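Below is one structure; the comments refer to it alone.
A short reminder: the numbers here are calculations on the coordinates, not readings from a lab. Computed from a predicted structure; not experimentally measured. Cβ placement follows ideal geometry from the backbone for every residue including glycine, while neighbour counts extend to all protein chains displayed.
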Amino acid sequence: MPAKSTTQPNARCWVWFRGGLNEQSHWRAGWYGAPSVLGGIRIEHSDYVPCRCPEWRVLFEEPQDLKQAPEIPEDAEWKLFPTDPN
């Protein structure tokens, strides 16, 4: 049996995406996530491969303003590796 990758069942969440050339930074819905046994939050979406990101990028309650940025730590990591325990 593979190692368990999260500490609880997945729940709906919103993930912060920084903007690019054609869009502003914003909270994006449609994700499911749970705290990872490796730290951070393991997130899943039907259009993407599962990944792990830091807690500051994920909200488990819908944000009041989808354009309001979270407090981003200085020298913040945006994605954590590995995604799952081996």
Can you tell which of Val15, Val37, Val58 shows the greatest fluctuation in a Gaussian network model of the chain with Cα springs below 10 Å? Val37
Mind sorting Ser46, Ser25 by how few other Cβ atoms lie within 10 Å of their own Cβ, fewest first? Ser46, Ser25
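Return the FRET efficiency for the residue pair Arg12, Asn86: r is the Cβ-Cβ distance, R0 is 35 Å, and the value is rounded to the nearest 0.05.
Working: r = 28 Å, r/R0 = 0.80.
Efficiency at R0 = 35 Å is approximately 0.80.
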Find, among the GluC sites (Glu not before Pro) in the stretch 48-86, those assigned to loop by DSSP (not H, G, I, E, B) with at most 16 other beta-carbon atoms within 10 angstrom. Glu61, Glu71, Glu74, Glu77
Fewest to most Cβ atoms within 10 Å: Asp75, Asp84 sort as Asp75, Asp84
Given DSSP loops and a limit of at most 16 other Cβ atoms within 10 Å, what is the longest stretch of the chain that contains no such chymotrypsin sites (Phe, Trp or Tyr not before Pro)? 1-59
For the stretch 44-80, which trypsin sites (Lys or Arg not before Pro) are in a loop by DSSP, counting at most 15 other Cβ atoms within 10 Å? Lys67, Lys79
Checked the stretch 39-86 against the a/c 1.5 cut and the a/b vs b/c comparison, axes a ≥ b ≥ c from its Cα gyration tensor; verdict oblate
